[in-house]
Amino acid sequence: MKNIILVSLVTLLSFPTLAETCGQHLDKGIPSSNSDQFLCRDGYAVGYNYNTKNADWVAYHITAESVNITNKRSNAFQEDTEMPDYARSTLADYKGSGYDRGHLAPSATMDFTQESMKQSFLMSNMSPQLPGFNRVGWRVLEEHVRDLANEYNELYVVTGPIYQGNEGTIGNGVVIPSAFYKVILDPSFDEAIAFIVPHRDVSSSELANFITTIDEVERQTGLDFFAQTPDSIEDNMESVQWEEMWPTNQ
């Protein structure tokens, strides 16, 4: 399928221009050029997969300032009309499925403006997530990322699904991921922490068990994170588990 590069102004772009248009969110590199469609939002960037009807990756840059600005949660889930009808996930896909419409770019991190909050509820930013995953362990991990932004001043985050080849679907072919990853880069100290969290009920006390290396996330996803980092730094950063970025009281 021919790749389409699309931004919120519905302007076709060359691939190098994507990083410029998405600005800060892709400053450290685009995780993959193989997604079917690319979307730039105020608070995040998306590489979307038409076959799975999930994002391959969602990337966002946050700061201590941005995570401390809040706007009222909208809860206005809506289809993403920038994508072809056949490739979209819909509200109907999730109805009665038992799965939450789980944010990849969290609404509580995207609420620095009302427009960014609204964009976070586009269905292209959702994956099917079990309530005991989305509302418990995954939510705590998202909260911790905001805490890290306050501690380190700024972060680059990439998150998305992992598939193991035996996934089911909901609705009209929306694939249910087997796990979710989150990689978090502190650009000031060139340290990063990565998680692969199995898609099941997860408690906050378990999260430390899912710390891994960026290299392992890349192996399981085929993505390449933070490629704009010099190789001499990237090789060490991505091969080490930076557990000191996870609080001991969690």
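Structure notes:
- When segment 32-64 is filtered for residues that are within 24 Å of Ser188 (Cβ to Cβ), surrounded by fewer than 21 Cβ atoms within 10 Å (Cβ to Cβ) and hydroxyl-bearing (Ser, Thr, Tyr), only Thr63 remains.
- Residues located in segment 159-204, provided they are under 23 Å from Arg146 (Cβ atoms), free of Cβ contacts under 8 Å to residues at least 60 places away in the same chain and in a loop (DSSP other than H, G, I, E, B): Ser188, Phe189, Asp190
- Lys72 among the charged types (D, E, K, R), surrounded by fewer than 18 Cβ atoms within 10 Å (Cβ to Cβ) and touching a residue at least 12 places away in the same chain (Cβ under 8 Å): yes
So that you can scan it fast, the table gives a plain yes or no per residue for (1) buried (at least 23 other Cβ atoms within 10 Å of the Cβ); (2) closer than 27 Å to Thr229 by Cβ:
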{"site": "Gly137", "(1), (2)": "no, no"}
{"site": "His144", "(1), (2)": "no, yes"}
{"site": "Glu154", "(1), (2)": "no, yes"}
{"site": "Asn172", "(1), (2)": "no, no"}
{"site": "Phe180", "(1), (2)": "yes, yes"}
{"site": "Pro187", "(1), (2)": "no, yes"}
{"site": "Val202", "(1), (2)": "yes, no"}
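- Residue selected from segment 14-60 under the condition outside any helix (DSSP H, G or I) and on the phi > 0 side of the Ramachandran plot, by the criterion modelled with the highest pLDDT: Lys53
- Condition check for Tyr94: surrounded by fewer than 19 Cβ atoms within 10 Å (Cβ to Cβ) and under 17 Å from Ile170 (Cα atoms): no
- Subset of segment 79-91 that is surrounded by 14 or more Cβ atoms within 10 Å (Cβ to Cβ) and not small (Gly, Ala, Ser) - its residue that is farthest from Gln129 (Cα to Cα): Glu82
- Check on Asp80, in a helix (DSSP H, G or I) and modelled with pLDDT of 95 or more: no
- So Asn209, is it in contact with a helix residue (DSSP H, G or I) (Cβ under 7 Å, 6 or more places away or on another chain), of a type outside the set (Gly, Ala, Ser) and outside any strand (DSSP E or B): no
- If only residues of segment 105-125 that are without any contact (Cβ under 8 Å) to a residue 60 or more places away in the chain and of a type in the set (A, V, I, L, M, F, W, C) are counted, the one that is farthest from Tyr181 (Cα to Cα) is Met117.
- Selection of segment 212-239 for residues being in contact (Cβ under 8 Å) with a residue 24 or more places away in the chain, farther than 15 Å from Lys182 by Cα and in a loop (DSSP other than H, G, I, E, B) yields Ala227, Gln228, Thr229.
The values are calculated or read from the model by the stated rules, or taken from the named source; none is laboratory data. Please read these numbers as outputs of a predicted model, since none were measured by experiment. In this analysis, Cβ positions are derived from the backbone assuming ideal geometry, glycine residues included, and neighbour counts consider all displayed protein chains.
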